[in-house]
Amino acid sequence: MNRTEPNRIDRRFATLKAQGRTALIPYITAGDPAPAHTVEFMHACVEAGADVIELGVPFSDPMADGPVIQKACERALKHGTRLQHVLEMVAEFRQRDSETPVVLMGYLNPIERMGYDVFAEQAQTCGVDGVLVVDMPPEEAGDNAALFAAHGLQSIFLLAPTTSDARARAICEHGEGYLYYVSLKGVTGAATLDADAVGEQLSKLRQVTELPLCVGFGIRDGATAAAIGRVADGVIVGSALVGRIAERADDPASIPAALKSILGEMREALDRDAVS
Amino acid sequence: MSRFHDLTQLPDARGHFGPYGGRFVSETLSFALEELENIYASLKNDPEFQAEFDRDLKHYVGRPSPLYHAERWSREIGGAQIWLKREDLNHTGAHKVNNTIGQALLAKKSGKPRVIAETGAGQHGVATATVAARLGLKCEIYMGAEDVQRQKLNVYRMHLLGAKVVPVESGSRTLKDAMNEALRDWVTNVDDTFYIIGTVAGPHPYPMLVRDFSAVVGREARRQSLEQIGRLPDALVACVGGGSNAMGLFYPFVEDDDVAMYGVEAGGEGVATGRHAAPLTANAPRGVLHGNRTYLMSDEGGQVADTQSISAGLDYPGVGPEHALWKDVGRVRYVAADDNEVLAAFRELTLVEGIMPALESAHALAHAKKLAGEMSPDQHIVVNLSGRGDKDIHTVAELDGIEF
């Protein structure tokens, strides 16, 4: 069942590297504010310059998320959005976009309940490229990472400022696609970000891995994106987008333009840096 | 040798109890858990640390707690003799303090100036606030907003003890949501904060160390049984939410194959109605929440289910991973008592023995009554009377239509 062609994620990062550009990776919670809008939002992200999409699988107990994404989960769950539906959304997205990598991000229990085999098979069929399970560190991934790999799904792992050097080496060894560096202690949507400190951490990590290093937590606008873009291979923006979706939850038709506006600003800031 | 000897060798090095347990946490917490694991490993067999723990239990908590023969109640039931392990007589009124004393010593050794905890009924919150006051640690307690309403007395107690109680408005506004919020706090303040988890759940090493600190209950009960009954009891009964008081009583008896064990979950409106908090009894599917794999009540999409129980302290959709394994291997039988049975037991023990149990503990009493009725007067049951019922007077009065 091994694919001969490289995964979409690897292809995308190879292209970006050749162009000297930084990946822009938006996160949105599937089903927020209602399931009917998610695929349209994904396309809007791509039109605004997204290189990879992280699609959040809503969960009742998002322990690593701040209030913004907690509420997004609640809105999505109120409409009955389940993992099964999220997979169907990816399949629908693929009808118009066969190139943009999609990473499912969420918590383990929905996958555990669906069954790992069933999930891996369906995710592959629907066109998912990577899986980031917040509460499944490599040592608990066990056979699942191999199972996912057999279905062309890359396992994306997190690294944190508190991760020891020994752990970082082990995580880099298991990681595929890219590494998600959590720039802050805290939950998603937390406050300030120190780009210099992040840069220092990333240069240490570059000694032990060739995987692209993408940074999330604390990126809210063009300026923070550019600052992190100078030291990272990709910037991940979640709460800033989800916050805008929340503000317009009663007027979903206005959301794609709002997403394009903030992502466009980030894209421009990142690319300005790339050419200068 | 006991056919359950292997159970005493767990968890394995990575915190697994067979297929359960583990450390399913976001990366930011891995460091803190490794640090805690190392601190505990260095102190676990340190005689000085153990002596300090024992000293605190004796002089501050008031241990050993008595093993009391409920003669009148036993006679009325007309079956086995019921003995109550009186954890309700501990300082702060419940078994929870055994564990918080232990973890507070670990917090002290780790040099962290701030402790946090989640609480359901408020007993663990009170026990944490108590040890924090004694050690001069800053203390914040997360409590579901619904439980803050149900347990006003304990909320005010914590306030008097100098702790800040944070009502949690997210999700179902009960214990599981309080634990989510405590984990979020910890992930943010991991440098200066020690998380005192109140039950045998959570990520490794918590289920192990909470068990070890709680096991003083069973060690005493075992010794007292030999002294007062002249032999080991025939059965042990304890309530199970996360499962710390049951674990504390059961663990030292694990290799006593002839001692039957019953863990009593919260049957709520009845297990058949689906409105309960009894994942083991209801054979809930395997799931992952709060850092460990266990039996977990969730819907078909893996969303954690809302639970229902008259007692805030048992209102939890999961259960400690070691209990999950003990169910699978048949060491313990897990059953449920519903809200009505629990209230009846609460009233009965109060009237017949003059002991007002916590509604949590009344679950164990309700099942012990059934069990005793099927046994003979020369048999003996030890029940963990895990806490006193003062905190529940408000709940019971409300059901009686009485307003203060």
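Quick note: the coordinates plus some simple rules give every number you see, no bench work behind them. No experiment lies behind these values; they were computed from the predicted model shown. As a convention, Cβ positions derive from the backbone with ideal geometry for all residues, glycine included, and neighbour counts pool all protein chains shown.
Would you compute, from DSSP H runs of 4+ residues alone, the mean residue ellipticity of chain B at 222 nm, taking -39500 (n - 2.57) per run and dividing by the full residue count, rounded to the nearest 500?
Numbers: 15 runs with 167 residues, N = 404.
It comes out at -12500 deg cm²/dmol, rounded to the nearest 500.
Round to a whole angstrom and tell me the spacing of the C-alpha centers of the stretch B:347-403 and the stretch B:100-131. What the calculation gives is 28 Å, centre to centre. Subtracting the Cα-Cα distance of B:LYS109 and B:GLU227 from 0.36 nm times their residue separation leaves 38.9 nm of extension gain.
Report, to two decimal places, the Cα Rg of the stretch A:91-234 normalised by 2.2 N^0.38 Å (N = number of residues).
Details: Rg = 15.8 Å, N = 144, 2.2 N^0.38 = 14.5 Å.
The value comes to 1.09.
Could you list the trypsin sites (Lys or Arg not before Pro) in the stretch A:1-95 that lie in coil according to DSSP, counting only those with at most 13 other Cβ atoms within 10 Å of their Cβ? All intermediate terms of the calculation are to be shown ahead of the outcome.
Working: sites: A:ARG3, A:ARG8, A:ARG11, A:ARG12, A:LYS17, A:ARG21, A:LYS71, A:ARG75, A:LYS78, A:ARG82, A:ARG94; in loops: A:ARG3, A:ARG21, A:ARG82.
Qualifying residues, ordered by number: A:ARG3.
Remark: chain B projects, on average over all directions, an area of 18.3 nm² (convex hull of Cα atoms).
What do the square roots of 5 times the Cα gyration tensor eigenvalues come to for the stretch A:212-276, in whole Å, largest first, as semi-axes of the equivalent ellipsoid?
Details: eigenvalues 115, 32, 11 Å².
Semi-axes (√(5λ), whole Å): 24, 13, 8.
On a 23 Å Cα-Cα criterion, which of the cross-link pairs B:LYS176/B:LYS391; B:LYS96/B:LYS176; B:LYS85/B:LYS138 come out too long? B:LYS85/B:LYS138, as the Cα separations exceed 23 Å there. Return the distance in nm (one decimal) between the two label points of a simple spin-label model at B:ALA133 and B:ASP46, each offset 7 Å from Cα along Cα→Cβ. For the pair B:ALA133/B:ASP46, the computed spacing is 2.8 nm. Oblate is the label for the stretch B:303-404, because a/c, from the alpha-carbon gyration tensor with a ≥ b ≥ c as root eigenvalues, is 1.5 or above and a/b does not exceed b/c.
This model, with +1 at the C-beta of Lys and Arg and -1 at the C-beta of Asp and Glu, gives chain B a dipole about its Cα centre of some 760 debye. Bin width 20 Å, origin at 0, all Cα-Cα pairs of the protein assembly as shown: what percent of pairs per bin? P(r) for the protein assembly as shown, in whole percents per bin: 19, 49, 26, 6, 0.
Annotation for the stretch B:270-350: GluC sites (Glu not before Pro) lying in DSSP loop with at most 16 further Cβ atoms inside 10 Å of their Cβ are B:GLU300.
Under a model in which nothing but the beta-carbon of Lys, Arg (+1) and Asp, Glu (-1) is charged, chain A shows a dipole of about 340 debye around its Cα centre. Against the empirical 2.2 N^0.38 Å (N residues), chain A has a Cα radius of gyration ratio of 0.92. Look at where the Cα atoms of the stretch B:38-59 and of the stretch A:197-265 average out, and the two centres are 47 Å apart.
So if we plug the beta-carbon distance of A:GLU210 and A:ARG272 into 1/(1 + (r/R0)^6) with R0 = 25 Å, what FRET efficiency do we get, rounded to 0.05?
On the way: r = 27 Å, r/R0 = 1.07.
Efficiency at R0 = 25 Å is approximately 0.40.
Between A:ALA18 and B:ASN38, the modelled labels are 4.5 nm apart [label points 7 Å from Cα along Cα→Cβ].
Using the 10 angstrom Cβ neighbour count as an exposure proxy, how do B:SER30, A:SER60 rank, fewest first?
Numbers: B:SER30 22, A:SER60 27.
Ranking B:SER30, A:SER60 by Cβ neighbours within 10 Å, fewest first, gives B:SER30, A:SER60.
Taking 0.36 nm per residue of sequence separation and removing the Cα-Cα distance, the A:GLU200/A:GLU74 pair yields an extension gain of 41.7 nm. For the stretch A:8-275, build the charge dipole from Cβ charges (+1 Lys, Arg; -1 Asp, Glu) around the Cα centre, then report which of A:GLN207, A:VAL133, A:CYS172 sits farthest towards its positive end. After comparing all options, I get A:GLN207.
Projecting label points 7 angstrom from Cα along Cα→Cβ for B:ARG347 and A:HIS174 puts them 5.4 nm apart. Each other residue within a Cβ distance under 13 Å of B:ASP256 adds +1 if Lys or Arg and -1 if Asp or Glu, for a net charge of +2. Note on the stretch A:161-204: percent of Cα-Cα distances in each 10 Å bin, starting at 0 and stopping at the bin with the largest distance, equals 23, 54, 23, 0.
The mean sequence separation of alpha-carbon pairs under 8 Å and at least six residues apart, normalised by the residue count of the stretch A:8-275, gives a relative contact order of 24 percent.
Kirkwood radius and radius of gyration were both taken over the C-alpha atoms of the stretch B:1-42, and their ratio Rg/Rh is 1.09.
Neighbours of B:HIS323 by Cβ distance under 14 Å: Lys/Arg scored +1, Asp/Glu scored -1, total +3.
Between A:ALA34 and A:ARG11, residue separation times 0.36 nm minus the direct Cα-Cα distance comes to 5.1 nm. Computed over neighbours whose Cβ is under 12 Å from that of A:ALA76, the net charge equals +2, Lys and Arg +1, Asp and Glu -1.
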